[in-house]
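The values are calculated or read from the model by the stated rules, or taken from the named source; none is laboratory data. All values reported here derive from a predicted model rather than from experimental measurement. So basically every Cβ, Gly included, is an ideal-geometry build from the backbone, and we count neighbours across all protein chains shown.
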Amino acid sequence: MQFSAKVSDISKQRNACAIISADAKNRFSASGTALDQATNGFIGKVLKRGDLGSKLGSTLLLNLVDGPAERVLLVRGGDGILSQAEFRKLAKASANGVKGYKDATSYLTELEVTDADSAWQAQQLALAAGLATYKFTRCHSEAKGNPLAKFTVHAPERKQLKAVQRGVELGAAQAAGSNVARELGNLPGNICTPTYLASEARALAKKHAKLTTTVLDEKKMQSLGMGAFLSVSKGSDQPPALIAMQYKGGKAGDKPVVLVGKGITFDTGGISLKPGLQMDEMKFDMCGAASVFGVMNALLELQPAINVVGLVAAAENMPSGRASKPGDIVTSMSGKTIEILNTDAEGRLVLCDTLTYAAKYKPEVVIDVATLTGACVIALGNHATGLYANKDELAAELLAAGERTGDRAWQMPLWDEYQSSLDSNFADIQNIGGREAGSVTAACFLARFAEDYTWAHLDIAGSAWNSGGAKGATGRPVPLLVEYLLGK
Ligand code: MG
Ligand code: ZN
């Protein structure tokens, strides 16, 4: 999909679709007024008829408008200055309204939004358009993607063009990265295996000079003493992979940000087998890993002058005669021994060894991303990602990045008081706490392996995919992470 920004005179544009808004009192912004004049008041007449709903974000498509635009998508704005959340609603609604046409120009940048300039607006519009256009077609015999191939954002003034352009680029890259993550997330477990993820990472490195990929196989992991990681993969016929993608945009000496993604390509729960209902959704248990791929893709597009390492902990969690059993005790790479009380708490087992491994990059910051706990879904639902950090400054930066891009997180406590629920009679630590505060105790488990650096953990079990009719990966938290990294 092609994104661009330009100062677009609506009476001269020749797009398949122009997006304009009308406020609660049926008033247009500048381009809407110009278009209304160019159509001899036709658009205003339609509005007076009351065909456009009064709810913010309602849309109405006008076809065969006798004037410069082939189609016009009318979007209902608000009463006065919009909040950022309201503008996002308009961006989303209008993107869904135009995704069926081959190109569109949005004039919504003419609206006023609290604490946001037109660059921010452009970013939101491009992000929404890129996300709306995505469709999973790979496993259908005849499905076609959405036709929208060209999306233009209008810059209200020439002096804003550069900033609007930059906003469009950022939003487009966040959307493209999210869509990479969605595609990997949506792929079924019989296609998207650890080996498949490794080959994707190798292919990405082949295409881009600034990226190198190395893959640690089972043997290498064994020699590093990754007993926790391998306790998860050993029940499966699919070999595990620890994938390292290094993006080198900064100077050689610049400390990298290391992203760690949980990549359980299918989680049956292992011997602690999950119930059957919705078990298919456990193909999404690699969405953390998918988001790391998404971020890498966005970085390759934007080429920022920073160093970022993406580590993907890929394994399949299966029950078998070789699988780990409840009560088994394993030794992690850190030397800490772990009693596995529940084989379905496997994410933290692959992640803890990967967090130990991450130290070798001498990171400035490490952020892991994981569909870690059902408890996080109970706590926050699917709107907010659960955020934990061992430094409040990092937490604040990530929260702010999420707010800016509309991919929000909420900080949860990583207090010492919770740690004792992980005490084991038989090993240094057990892999689950009790029924209470399950997302917190999972984070507490990881914290013990991340003591040597500044670290945050994003529990995306609620935000990474939708269930029901809209079942599918969301691509979160790619926008949040890209926003954070670009702000560095
Ligand atoms: Mg599990
Ligand atoms: Zn899992």
Taking the stated definitions as given, is Ala298 aliphatic (A, V, I, L, M), crowded, with 24+ Cβ neighbours inside 10 Å, under 20 Å from the mean Cα position of the chain (by Cα) and closer than 18 Å to Ala198 by Cα?
-> no
Among residues of region 28-53, those that are in a loop (DSSP other than H, G, I, E, B), on the phi < 0 side of the Ramachandran plot and surrounded by fewer than 18 Cβ atoms within 10 Å (Cβ to Cβ), counted = 2
Would you call Leu62 without any contact (Cβ under 8 Å) to a residue 24 or more places away in the chain, surrounded by 18 or more Cβ atoms within 10 Å (Cβ to Cβ) and either in contact with a Lys or Arg (Cβ under 7 Å, 6 or more places away or on another chain) or assigned to a helix (DSSP H, G or I) (or both)?
-> yes
What number goes with the only condition from (1) of a type outside the set (Val, Ile, Thr); (2) closer than 24 Å to Val7 by Cβ; (3) touching a residue at least 24 places away in the same chain (Cβ under 8 Å) that Lys99 does not pass?
-> (2)
Matching option when the condition is outside any strand (DSSP E or B) and over 16 Å from the mean Cα position of the chain (by Cα), among Asp280, Asp285 | Asp280
All positions within region 277-298 that are within 12 Å of ligand 2 (Cβ to nearest atom) and in contact with an Asp or Glu (Cβ under 8 Å, 6 or more places away or on another chain) | Met282, Asp285, Gly288
Filtered residue count, region 241-272, keeping only those that are out of contact with any helix residue (DSSP H, G or I) (no Cβ under 9 Å at 6 or more places or on another chain) and within 13 Å of ligand 1 (Cβ to nearest atom) | 2
Which one is surrounded by the fewest Cβ atoms within 10 Å (Cβ to Cβ), of the residues in region 301-325 that are under 18 Å from Leu259 (Cα atoms) and within 16 Å of ligand 1 (Cβ to nearest atom)?
-> Ala314
Just a yes or no: is a residue in region 258-276 within 26 Å of Thr356 (Cβ to Cβ), away from ligand 2 (no atom under 15 Å from the Cβ), among the hydrophobic types (A, V, I, L, M, F, W, C) and surrounded by 22 or more Cβ atoms within 10 Å (Cβ to Cβ)?
-> yes
Candidates Glu339, Glu346, Glu301, filtered to the one that is away from ligand 2 (no atom under 11 Å from the Cβ), among the acidic types (Asp, Glu) and either under 22 Å from Ser463 (Cβ atoms) or touching a strand residue (DSSP E or B) at 6+ places or on another chain (Cβ under 7 Å) (or both) = Glu339
Might you let me know whether region 221-240 holds any residue that is within 16 Å of ligand 1 (Cβ to nearest atom), under 17 Å from Leu311 (Cβ atoms), of a type in the set (D, E, K, R) and at pLDDT 95 or above?
-> no
Given the conditions (1) assigned to a helix (DSSP H, G or I); (2) closer than 21 Å to His154 by Cα; (3) over 28 Å from the mean Cα position of the chain (by Cα), and given that Gly80 satisfies all but one, which numbered condition is not satisfied?
-> (1)
Scan Thr356, Thr371 and give me the residue that is within 16 Å of ligand 2 (Cβ to nearest atom), hydroxyl-bearing (Ser, Thr, Tyr) and either crowded, with 23+ Cβ neighbours inside 10 Å or within 30 Å of Lys488 (Cβ to Cβ) (or both).
-> Thr371
Tyr418 meets each of (1) in a loop (DSSP other than H, G, I, E, B); (2) over 20 Å from Val308 (Cβ atoms) with one exception, condition (1)
Can you pull out the residues in region 410-443 that are touching a Lys or Arg at 6+ places or on another chain (Cβ under 7 Å) and surrounded by fewer than 21 Cβ atoms within 10 Å (Cβ to Cβ)?
-> Asp428, Ile429
Any chance region 83-94 includes a residue that's at pLDDT below 95, surrounded by fewer than 18 Cβ atoms within 10 Å (Cβ to Cβ) and in a loop (DSSP other than H, G, I, E, B)?
-> no
Scope region 452-483; condition outside any loop (DSSP other than H, G, I, E, B), out of contact with any strand residue (DSSP E or B) (no Cβ under 8 Å at 6 or more places or on another chain) and over 17 Å from Gly263 (Cα atoms); matching residues | Gly468, Gly469, Ala470, Pro479, Val482, Glu483
Could you grab me the full set of residues in region 329-345 that are within 13 Å of Leu230 (Cα to Cα), in contact with a helix residue (DSSP H, G or I) (Cβ under 7 Å, 6 or more places away or on another chain) and not aliphatic (A, V, I, L, M)?
-> Thr331, Ser332
